[in-house]
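Trainee: Please find one structure pasted underneath; my questions will follow.
The values are calculated or read from the model by the stated rules, or taken from the named source; none is laboratory data. Only a predicted model underlies this, so the values are computations on that prediction, with no experimental measurement involved. Neighbour counts run over all protein chains shown; Cβ positions are idealised from the backbone, glycine included.
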Amino acid sequence: MASAIYILDENLNQLISRQYKYDLDSSSVVARFKNALAKAPIVSPVLHHEGFNFVYLSYDEIIIMTVCFDNINIMTLASFLQKFARLLKDYFITFGVFRSRMEKLGLKVKADDPGSFVVNGDIIRENYILVYELFDEILDFGVPQLTEFNILKEYIKLHHREDSAAENNDYEDGLHDAKSSILKKRSNSTVTQRKTSAQQQVDTTTSTLINSSISRTSTTKISWRPKGIFYKKNEIFINFNELLRFQYNLETDEVMVNFISGGVDCRSYLSGMPTLTLGLNERLLTNFYSADDETTKNKLVFDNINFHQCVELSHIATNNAISFIPPDGGFTLLNYQIVTGSSKALKPLILVRPSYKIFKSMKKKTTQTKYKLQIAVSLQTNFKRKYTMKKVNVVLPLLVRQIQCSDPKLKDLTTLLINYNVNPKFKTKLGNVVLNLEGETVEWRIPSLDGGIKPSETSDEFKMLCEFELMTRDSFLKTLKDNEYHGKQDKNALFYVEIQDELMKLRGQEGLQSPDQHKSRRADRHSSDTSAHDDFEIQVPLSPVVLSKPLGDLVNQKEKSLKSKQKDLVRVSFELTAMTYSGLKVEYLKIDEPQLHFQSFPWVRYLVESKDGDYLFKLGDSCFQSTLTLEDFDLTGTKEVEAVRDDKDDTHIYDQSAHVSETNLVKQGNKEFSYRGRSISFAEYVVAGVEESSQPEGETTGTKIEQDAPLKDDMENIPEVANENENENDSATE
Amino acid sequence: MVELLPEVVTILLTNRNDLEVKKMCISCLKTYAEVRPHEAAKAIEVFESDLANGSPYVKALALRTISSIPTKEYIERTAAELPVFLGDANPYIRKTAALGVAKLFEKDPRLGQEYGLLEKLNNLLHDKDATVVSSALAALNDIIERSPQLKLSIEYRDAVTLIGLLGTSDEWGQVYILNSLLSFVPSQESEAVEFIEKVMPYLQHSNSSVACNALKVIVYLANYVKHPEDVLPVLPQRISSALTSMLSKSSEIQFLILRNVILLLLTKSKLIQLDVKMFFCQYDDPIYIKDTKLEIIYLLAEKSNVGIVLNELEAYATEIDIQMVRKSIRAIGNLAIKIEETASECVKVLLDLLENDISYIVQETVVVSKNILRRYPNQFEELIESFSKHVDSVEEPEAKSAMIWVLGQRSRNIASSTKMLTAFSEGFLEDPVDVQLSLLTASVKIYSRSRSLDSSQQQGAEELMLKVLKLATEEVNDPDLRERAFFYWRIVQQSASLQEVVDVSLPVISTDSDKLPERILEELELSIGTLGSIYLRPISHVFRLAKPKSLAYSPALQKHIEGKPISSNMERQVSISENVRSTSSNGQSVQPESRPDRRPLIDVEVHHPHTNANGEKLKQVQSLEDEPEGSNIDGSLNAPRDVHTRFPSHSSQSSTKTSSRKSTLGRRASISLLSRKLRNL
């Protein structure tokens, strides 16, 4: 197995290492690893370089890397690295390392939110003794030993020291330091006590005593549960969580993807060595375990299921129930996936039907023509009335479909843009509507939604209507030119030009900030970043067009390509409690503890969830309607516009439809048009999400206009959007 | 830091009871002992006293330490202590000792041999404690991989015991136990089926490594079943679902499993039913996953799903990531060659892509189209047509030579081919050799055909050819190119045979050529989940010291690959005779108590009188290999087959270069275990 294990920080500096075999020269390993990363054509998690095999995992902000020379069982090593990383995190969470760090840094500690805890180089450095001890325990001669946190925490403890300032990375100092800290600990050693809650940390009396008990448990059959656990109140919490991935084609009215990824998470606070037997609705399990015969067709079947190591695997098929001795504290009992085809029995929980309509309205008083975009959305829910969907969030993309026009010359002129100078109008009885300029979306937020909603023509109870005013692209350019002349700036200029420009700058800097190629190649979670670099390298000889652009633009293009794919998708997220989508249920739960015979309290909870971006509705042509014809366009202003264009004889085509192929964008990106001495390119207008840039919070606020639409029927009564942020931005730019 | 070692040793000597300090000191000792062996040796007494009267944990720690330190004193100490602790009452210590044996063998195998540690380690395989068994297996595995003479073989009954232990061991233990099942050779189909059924539940384990190793065992055993997919209809579904579930794990695991899916598709495609849609790339997949998925999509493509596959590939081909674009275009091209029916659709897609007129798309499309045009000699004129539009944008050498080849080969259909080639010849001297070679061939080819054409064209072709030949013979330094030019020149002079030589119908190309040879696939299949399966290259190429693996023969074995096995029989036989000789010269004979257990494999053959030509041949070799002495003392030919269990027996095989030290190790490391027990029963 592995010859050595290394922990590196983000910049590939060695933090700590342990050699298990003596078949390598440890001093050169990290340098070779860097070399291997730099030379590999595709940076995969397994690298072969000059006879060295590197297997690594980047986790949070550290990299755990192992070296080996033989044809070893790589799957085992990879799973082991994952376990080890998780183990470290568990240690740091349970023993409050993150908490005290954050307190020291003056950050607010969110209660029990592991998501905010990040393992980084500093934490490893500060807790090197723990890491060394773990290295000793978890691997012996490169063979994985005990990796179960529940057991390990009983005898490798973290004595988090307050005086970490006095710490030094130096090994020798470390030794003395370790010694002094131990002496300190000795002086106030505490009395043994059994812990009463999972988070409680306990110190122990003599290490010999506890260690001998450990040497026993680690070789017993049940390696995941220490003996002698006692709780006053015996409870077990069983949570059924289902995460849905769903895609629906509104054009063909078909379910394209319907994927349930479920898991049963438990928290066990039970005494002794209880054996639990969990009976689920029978048909699900039996169907999975029996061969494909006629009766199982058309029924819901697990496509896959896997169990925690505590589950007695051989009993499932025969007894039709899951029996297990739970580890103490939290664990995932089982995971399953269900892929339901389009014809299968499950109906989509919620259906969203938007329709986009572009029309022309003439105001009687003025002769000016106005183009408008109206988006109407109706909802349908397919679950029992007694349940309630919470935190429903429907995100609609703001698409102005390009109006088809046969003459390509006129195509430019008839491209419509949303006119943000005029405030949009929203109307709904349910929840509120928010315009998100940054993602160019409208979000309809509904706090709670009942089951069994049927779409109806007459009632507008479960509907939402919003209206935007449009302008032609050329009229926009014209006003832009005018405003520049007068030294004014309106919202459209701000949105279409200024903000994009700022974003681009930020990105450009971000892209250039990491000149070190190794650095950005290394981690896969920066994969988009990485591949952008890769692109760059390859593109250089090929395309001078790309070469002439700053690196940041390339990053942009990459992000954009990701984003533009989602452009014609309506995204929905929600939570639904008290039921599972698959229909999985607990039939019974038996808790059997041979000695203690305690009374126990099982708690079961069901949750169906869909995160943003997982529940999608694909818009089709039938969702778009346009009553406009070519005659509707006022083409008299063409000549003036032509003059504007003469500044730079090539004006860019702004294509807002989602179907722009990336290759076209590359070309279009070259066509520029100037505003205030800056050259801007419309192709860059599709904004990527903030989360993908390292943009500070403050920058985004300017781009977001939020408006809570009151529950009023009357379109006329909707208040104007007040936007202070924008005014600020105005003054700043002037 | 090394300078501090004496101080650390002093701390260690004075703080014997402080476990935590001790651990830190040990850490330091392990790192620097090699540099200062004498200083380090002073600390040995601490561990000696710990071993004598510590708690189990302290004992184990001391044992682990002394076995880890690579200096002479410690190695000798370890060898002396290990035999005692291998039989310790505490399983934790036995487990530590088992791994200690592996550590010792890494440093000094001879010493380990002297103390008879291998036999003791073997005894541990019958331990009641699953963790001890798995540690012993891990240790044995390591030792065996290191020494070419040893081999683990497991009999039916022991395999059953091992499977029984699976349920009671922890996840890492399960990995090693599952792995060891590869040393069991089922003698009947029913045994293999039985074991597959028993291992199947472990496909559902949440630890991917357990699931993957279970898969490996199943795939291995399936070689011994005639139609595994008919005997066990649930099998393909279960395997596929296990693969699916591992695909929802972290991207590192995904990558590993995807590489193994490729391997399975190449070898055991009947055992898996995978929907190609599962492998469509997610936009946030890291590049290495996309890359692997692309390969799988290509492998899974067939007539029935080619529509969606092409759609998907076309989408990738317009992505922003150039590497991805190139690979997907390649895949489209290869698809056209792999499945004849889809060729026209693929060509349509390629034509669409050409429309974009993006440089790198054009380059790649030209390259793959060349293969398509070669595969289907008289079709797809439309490709050529659209080529001529893009002649100018062809820049890369590979694309250039592909383009030139097409112009030459299909000159009949391209009116202006001579003109275009002449244009290419302008930059002849600056082009790389590949392009020069193809231009040379193309110009001669055109010339050879030009006789049937009108005079102006004939003249153009001749001019072009003369120009190229002149340049190639006079101004180019590359010997290959020059020689080929001279060669053409001479044939042109004897004009009669020209067309026959340069313009013949080409052999049909196919995609089969990129398949790996069966024997290599077999070896890779036995290496599922290991590094070799990730690289998908012959294991001996990557790991020079790795042992060759192949399916052991048994009457139930379904396939037999013709040809020479990776390690030749000759070599083995030589080594055997050598072995025998060294045995006698040394005067050391096999341990008496193990003798009755060693029975030539010929016995088994009697019970399974199923032979064929190949079997006959193999059988002999096998029996020689496994039993150099070839002595069949008790000759109980009719004994029930349960009785002659030879649990970890070992066969000796060594290379001709085997040193004397190695043959000492190899000589009758007589491993005889359960058999002894069984006899006592």
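Trainee: Of all residues being closer than 19 Å to B:V217 by Cβ and among the hydrophobic types (A, V, I, L, M, F, W, C) in region B:238-252, which is farthest from the other protein chains (Cβ to nearest Cβ)? Just the residue, please.
Mentor: B:I239
Trainee: So, one more: Which residue out of B:L221, B:L150, B:L203 is within 14 Å of chain A (Cβ to nearest Cβ) and of a type in the set (A, V, I, L, M)?
Mentor: Matching residue, one of B:L221, B:L150, B:L203: B:L203.
Trainee: If a residue must be in a helix (DSSP H, G or I) and either among the aromatic types (F, W, Y) or within 11 Å of chain B (Cβ to nearest Cβ) (or both), how many such residues does region A:1-54 contain?
Mentor: 2
Trainee: Would you mention how many residues in region B:201-218 are buried (at least 22 other Cβ atoms within 10 Å of the Cβ), touching a helix residue (DSSP H, G or I) at 6+ places or on another chain (Cβ under 6 Å) and in a helix (DSSP H, G or I)?
Mentor: 11
Trainee: Determine whether B:L162 is within 22 Å of A:V339 (Cα to Cα) and in a helix (DSSP H, G or I).
Mentor: When the stated conditions are applied, B:L162 does not pass them.
Trainee: So, one more: So which of B:V309, B:V394, B:V347, B:V362 is under 24 Å from B:K445 (Cα atoms) and either buried (at least 16 other Cβ atoms within 10 Å of the Cβ) or of a type in the set (S, T, N, Q) (or both)?
Mentor: That would be B:V394, the only listed residue that is under 24 Å from B:K445 (Cα atoms) and either buried (at least 16 other Cβ atoms within 10 Å of the Cβ) or of a type in the set (S, T, N, Q) (or both).
For every residue, the table says whether it meets (1) on the phi > 0 side of the Ramachandran plot; (2) loosely packed, with under 12 Cβ neighbours inside 10 Å; (3) modelled with pLDDT under 70.
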site: A:F92; (1), (2), (3): no, no, no
site: A:D112; (1), (2), (3): yes, yes, yes
site: A:I124; (1), (2), (3): no, no, no
site: A:I129; (1), (2), (3): no, no, no
site: A:F135; (1), (2), (3): no, no, no
site: A:F141; (1), (2), (3): yes, no, no
site: A:R161; (1), (2), (3): no, no, yes
site: A:E167; (1), (2), (3): no, no, yes
site: A:D177; (1), (2), (3): no, no, yes
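Trainee: Another one. If I ask for residues that are outside any helix (DSSP H, G or I) and farther than 29 Å from A:T66 by Cβ, which ones from region B:246-286 would you list?
Mentor: B:K268, B:I272, B:Q273, B:L274, B:D275, B:F280, B:Y283, listed by residue number.
Trainee: Filter region B:138-177 down to residues that are aliphatic (A, V, I, L, M) and either touching a strand residue (DSSP E or B) at 6+ places or on another chain (Cβ under 6 Å) or assigned by TED's automatic domain parsing to the domain that holds B:K107 (or both), then give me how many there are.
Mentor: The total comes to 3.
Residues are listed down the side, and each one gets a yes or a no for (1) within 23 Å of the chain's Cα centre (by Cα); (2) modelled with pLDDT under 90:
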{"position": "B:E191", "(1), (2)": "no, yes"}
{"position": "B:I196", "(1), (2)": "yes, no"}
{"position": "B:P201", "(1), (2)": "no, yes"}
{"position": "B:S206", "(1), (2)": "no, yes"}
{"position": "B:C212", "(1), (2)": "yes, no"}
{"position": "B:K226", "(1), (2)": "no, yes"}
{"position": "B:V234", "(1), (2)": "no, yes"}
{"position": "B:S240", "(1), (2)": "yes, yes"}
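Trainee: Is there a residue being over 24 Å from B:E252 (Cβ atoms) and in contact (Cβ under 8 Å) with a residue 24 or more places away in the chain anywhere in region B:273-284?
Mentor: yes
Trainee: Among the listed residues B:K268, B:K293, which satisfies the condition of being within 20 Å of B:E189 (Cα to Cα) and of a type in the set (K, R)?
Mentor: B:K268 is the lone residue from the list that is within 20 Å of B:E189 (Cα to Cα) and of a type in the set (K, R).
Trainee: In the list B:K389, B:K419, which residue meets the criterion of being surrounded by fewer than 23 Cβ atoms within 10 Å (Cβ to Cβ), without any contact (Cβ under 8 Å) to a residue 40 or more places away in the chain and of a type in the set (K, R)?
Mentor: Result of the check over B:K389, B:K419: B:K389.
Trainee: Here is a check on your reading of the model: is B:A43 more than 8 Å from chain A (Cβ to nearest Cβ) and in contact with a Phe, Trp or Tyr (Cβ under 7 Å, 6 or more places away or on another chain)?
Mentor: It is false that B:A43 is more than 8 Å from chain A (Cβ to nearest Cβ) and in contact with a Phe, Trp or Tyr (Cβ under 7 Å, 6 or more places away or on another chain).
Trainee: Test A:L250 against the criterion of being modelled with pLDDT of 85 or more, farther than 30 Å from A:P594 by Cβ and surrounded by 15 or more Cβ atoms within 10 Å (Cβ to Cβ), and give yes or no.
Mentor: Considered against the rule, which asks whether it is modelled with pLDDT of 85 or more, farther than 30 Å from A:P594 by Cβ and surrounded by 15 or more Cβ atoms within 10 Å (Cβ to Cβ), A:L250 comes out as no.
Trainee: Any residue in region A:434-448 that is at positive phi and touching a residue at least 60 places away in the same chain (Cβ under 8 Å) sitting within a Cβ distance under 9 Å of a residue that is surrounded by fewer than 19 Cβ atoms within 10 Å (Cβ to Cβ) and small (G, A, S)? List the pairs, counting only those 6 or more apart or interchain.
Mentor: If the second residue must be surrounded by fewer than 19 Cβ atoms within 10 Å (Cβ to Cβ) and small (G, A, S), no pairs are left.
Trainee: Right, here's the next one. Looking at (1) over 19 Å from B:P286 (Cα atoms); (2) buried (at least 18 other Cβ atoms within 10 Å of the Cβ); (3) away from every other protein chain (no Cβ under 11 Å), which is the only condition A:M65 fails?
Mentor: Against the list (1) over 19 Å from B:P286 (Cα atoms); (2) buried (at least 18 other Cβ atoms within 10 Å of the Cβ); (3) away from every other protein chain (no Cβ under 11 Å), A:M65 comes up short only on (1).
Trainee: Then there's this: May I ask you to say which residue of B:Q174, B:Q113 is facing chain A (nearest Cβ under 9 Å), over 15 Å from A:D140 (Cβ atoms) and in a helix (DSSP H, G or I)?
Mentor: Among B:Q174, B:Q113, only B:Q174 is facing chain A (nearest Cβ under 9 Å), over 15 Å from A:D140 (Cβ atoms) and in a helix (DSSP H, G or I).
Trainee: Against the condition among the small types (G, A, S), more than 11 Å from every other protein chain (Cβ to nearest Cβ) and assigned to a loop (DSSP other than H, G, I, E, B), how does B:A89 come out, does it pass?
Mentor: Taking the combined requirement at face value, the residue satisfies it.
Trainee: Of (1) closer than 20 Å to B:V8 by Cα; (2) away from chain A (no Cβ under 13 Å), B:L61 satisfies all except one. Which?
Mentor: (2)
Trainee: If a residue counts only when it is closer than 23 Å to B:N179 by Cβ and modelled with pLDDT of 80 or more, which helices (runs of 4 or more DSSP H) contained entirely in region B:490-584 have at least 3 such residues?
Mentor: Counting at least 3 such residues, we get B:518-525, B:531-535.
Trainee: Do you know which of the residues in region A:572-616 that are β-branched (V, I, T) and closer than 17 Å to A:N281 by Cα is farthest from the chain's Cα centre (by Cα)?
Mentor: Looking at residues that are β-branched (V, I, T) and closer than 17 Å to A:N281 by Cα, I get A:V586.
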